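A short write-up of the structure that comes next.
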């Protein structure tokens, strides 16, 4: 018997990086409907003050709530660090899930030595959000963190594999893993980074566990939602952006893993 569809799940990011989270969500919940909002007119969030990120995040949430979502996924590390509490206070009845808490929990669970490496953008690493989340789960954990900002530009240019990607990955990561007491787990603490996983893996020792915050966030959403769509077939995605539909489609296709079409992207004003 066919069951009525549930309201959609809302996902927002400052741009296209959050499409790795949406990709993981669609794999985990293939029959669900989603609304994805990329705030491309105001990216990057990482260079903005925390107060501005909170304001932008509340505006993104309001736009998605106006379309009657039943769950909000903050698919942005900066917004997860700065605005998650404000979003939960503003919308107490709405499940709000960020990318940092699931990634930190997965890393603590995966690491045998409790020495964990985290890579992300300069803003995420400098703000200490992953470090705080990991230490909140295990005070004795050691965290080695490094900003790998060039990975963002490489991902957006589509340079995700080959000699250049591997050389940059080696330059960033070898210093973190060359000692005997090196971390045994690596958290990809930026939603851009999962598309570089293959290149990152080639320069790491074989025993290192990689935690993909996109996949762990999708798993957290599955746990959070008690009612999921039971209908057969593929769910629908509504695409929203605040600027640049053509670039959103071109760059976003790399992160989503399938073609995006500019004519399907609605430009909205927040």
*Using packing as a proxy for protection, rank 174-180, 56-62, 190-196, 46-52 so that the peptide with the highest average count of other Cβ atoms within 10 Å comes first.*
190-196, 56-62, 46-52, 174-180
_Between helix 163-177 and the chain, what is the angle of the helix's C-alpha long axis to the longest principal axis, kept within 0 to 90° and rounded to the nearest 10?_
60
*What does the highest-first list of 144-157, 81-94 look like by mean Cβ count within 10 Å?*
144-157, 81-94
*Taking the simple approach of a point 7 Å from Cα along Cα-to-Cβ for both residue 88 and residue 66, what is their distance in nm?*
2.7
*Based on alpha-carbon positions alone, could you give the equivalent ellipsoid semi-axes of the stretch 135-270 from the gyration tensor, as √(5λ), descending, whole Å?*
31, 22, 14
*Percent of alpha-carbon pairs separated by more than 20 Å within the stretch 98-168*: 38
*Counting other beta carbons within 10 Å of each Cβ, put 254, 217 in order, fewest first.*
254, 217
_What percent of all Cα-Cα pairs in the stretch 71-201 falls into each 5 Å bin, going from 0 up to the bin containing the maximum distance?_
2, 11, 20, 21, 20, 14, 8, 4, 1, 0
*Rounded to 10°, Cα long-axis angle of helix 213-224 versus longest principal axis of the chain*: 50
*Using Cα pairs under 8 angstrom and six or more residues apart, how large is the relative contact order of the chain, in percent?*
28
*asked:* Just to confirm the number: angle between the C-alpha axis of helix 50-65 and the first principal axis of the chain, 0 to 90 degrees, nearest 10?
replied: 40
_Let me check I have the definition right: for the stretch 196-270, take the eigenvalues of the Cα gyration tensor, multiply each by 5, take square roots. What are those semi-axes in whole Å, largest first?_
28, 22, 12
_Sorting check: for 118-126, 70-78, which peptide has the highest mean count of neighbouring beta carbons within 10 Å, and how do the rest follow?_
70-78, 118-126
*Which number do you get for Rg(Cα) / (2.2 N^0.38 Å) in the chain?*
0.97
_Along the Cα→Cβ direction, 7 angstrom out, place labels at residue 201 and residue 180. What is the inter-label distance in nm?_
3.0
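The numbers here are math on the coordinates, done by the rules we state, and not lab data. What you see is a predicted model, and the numbers here were worked out from it, not measured in a lab. Heads up, the Cβs are rebuilt from the backbone with ideal geometry, glycines too, and the neighbour counts pull from every protein chain shown.
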